Amino acid sequence: MSVTRRVGVVEDARYGEHEAPAGHPERPERLAAVASAIAERAPEVERLAPRAAEDDEILLAHTREHLEQVRAAAARAPTHLDPDTYVSHESFEVARLAAGAATDLACAVARGELGAGFAAIRPPGHHAEPHRAMGFCLFNNIAIAARALREREQIDRILLVDWDVHHGNGTQALFEADPSVLLFSTHQFPYYPGTGAAGECGRGRGEGEIVNVPLPAGCGDAEYVGAFQRLLVPVALRYRPQMILVSAGFDAHQDDPLASMDVTEDGFRAMAEIVRNLADDQCGGRVACVLEGGYAPRGLREGTRALLCALLATQTPALPAPVELEPGSTLASVVDRVVTVHGRRNPGLGAA
Ligand SMILES: [Zn+2]
C-alpha cells in the first residue's frame, strides 16, 4: 500500500535547559545527536512546537503531591529526587514541555492531523511512577499522552511498545490494571529498575495486557527482531489497537554505556518497520514515538535515523524475514517464557 502522510517532529532548544550535574549520562548533549539524525530528513518532516502541559494533564498520570514535589524541587534547585534523578532550576518547566509535546503529538496523530511522529524530548519519562520521580524521569510523558488520548480522543485501545533497554516500571504501574493500554516491553533483565519479569502480566481488568519480554545481557538484533516478530506481532493482531505509542529509548544500542545489549542501526530499523507495518495494518498508520533513554551519541543518532526511516517510508515496509528459533538459543528460551504466560490468550504467540 502506498501512503503519503505527514510525519511530525518535536524539537526545541529549551529541552537543553534541564541541566545535568557534571558526568551525568542524561545530559543535554544527547539531543544534539538526535538532532543530527533529524536534520538529515529535515525537508520531509513537519515541526510541531512544544506546549507546556497544564497541571490537570500531569494529574492524569500523577498525584498532586508528586506534581508539587517536582515544582518545589525546581524552586530550590539544584537538588535530587532520588540518587539518579536530578532537578535543575528550569527542570519543572522543561518537564512540562516534555509531557505537553508527547500529548500534543499523540493527539494530533489520533485526529489525523499528522500521520505519525517523534518527540525528541527530555527528561525521559517511563520510570516515573504516579507518586514519585525515578531513574532520570520526572513525569511519565507517554503515560500522560495515553491518558489524554482516552479522555480527549476516545481512543481506548492503545498499544504501547517500550523498547528502551530498561523496564518502564512507571508505565507498568500506571496501566497494569487498565485494559485501555497494552504495554509490550523488551528490556535487559535482570537489570535496573528490577521489575519486568515475564510473570508480571497485569491484574484485574488489565490482566494479560502487560507483556514483558525480559532479555538477558548480550542480546542483539536477532533477539530483538525475533521477539518483535514472534511476540509483538501476534499480540498486536489479537489486541487490535486504535493507535500505537512507542517509548523509543536507544540504550539497547551496542555503544550504550549504561546497558549491555548489542542492537545496531539495522536492528532498530527492523523493529521500527515492524511497528510501522502493524500501525498501517491495524490503525491507519497512527503511531507516535517519544524519546526515552539512550546515552551513546552514535546510538541516539543511528536509532533516530532508523526510526525516521520507518516512519517516513512511502510504502508500508514488509515484515523482515523471520528469525529462526534455534533450539536452546537465547531467543528460544525468551519466547518460551513469554508463551508460557501469554500463550493461552494470544493465538499464534511464538510462531513467525
Ligand atoms: Zn533506558
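We did not get these values from a lab; they are worked out from the coordinates using the rules stated. This one's a predicted model, so the numbers in the text were calculated from it and none came from an experiment. Cβ placement follows ideal geometry from the backbone for every residue including glycine, while neighbour counts extend to all protein chains displayed.
Each part gets one Cα centre, and for region 218-239 versus region 6-36 those centres are 29 Å apart.
In the chain, what percentage of the DSSP-assigned beta bridges are antiparallel, given to the nearest 5?
Restricted to the chain, the bridges split so that about 15 percent are antiparallel.
Please order T340, T195 by the number of other Cβ within 10 Å, starting at the fewest. Let's see the in-between values first.
Numbers: T340 13, T195 20.
With the fewest neighbours first, T340, T195 line up as T340, T195.
Expressed as a fraction of 2.2 N^0.38 Å, the value expected for a compact globular protein of N residues, the C-alpha radius of gyration of region 245-352 is 1.16.
Provide the gained length on full extension for the span R203 to H131, in nm with one decimal, where the gain is 0.36 nm per separating residue minus the Cα-Cα distance. Walk me through the numbers on the way to the answer.
Values: separation 72, 0.36 × 72 = 25.92 nm, distance 1.95 nm.
Fully extending the segment from R203 to H131 adds 24.0 nm.
Remark: region 208-328 carries a charge dipole of roughly 480 debye about the Cα centre, counting +1 on each Lys and Arg Cβ and -1 on each Asp and Glu Cβ.
Distant-in-sequence amide contacts of R6, defined by a placed amide H-H separation under 5 Å and a gap of 5 or more residues or a different chain, comprise G115, A116. Taking packing as the residue-averaged number of other Cβ atoms within 10 angstrom, the listed peptides 36-47, 69-80, 121-132 run from highest to lowest as 121-132, 69-80, 36-47.
Take the Cβ atoms of Q154 and E324, set R0 to 41 Å, and the FRET efficiency comes out at 0.45.
Would you work out the Kirkwood radius for region 1-151? I mean one over the mean of 1/r across all pairs of different Cα atoms, in Å. Spell out each step's value before the answer.
Working: mean 1/r = 0.0637 Å⁻¹.
By the Kirkwood definition, the hydrodynamic radius is 15.7 Å.
The tail of the calculated P(r) for region 29-89 beyond 12 Å holds 77 percent of all Cα-Cα pairs. Taken about its Cα centre, the chain carries a charge dipole of about 760 debye when Lys and Arg each add +1 at the Cβ and Asp and Glu each add -1 at the Cβ. The sum of -39500 (n - 2.57) across all DSSP H runs of n ≥ 4, divided by the residue count of the chain, sets its helix-only mean residue ellipticity at 222 nm to -11500 deg cm²/dmol.
The share of alpha-carbon pairs in region 162-301 lying farther apart than 19 Å comes to 47%.
Of E57, E223, E65, the sequence from fewest to most neighbouring Cβ atoms within 10 angstrom is E65, E57, E223.
Normalised by 2.2 N^0.38 Å, where N counts its residues, the alpha-carbon radius of gyration of the chain equals 0.90. Beyond 17 Å, the tail of the calculated P(r) for region 99-208 holds 53 percent of the Cα pairs.
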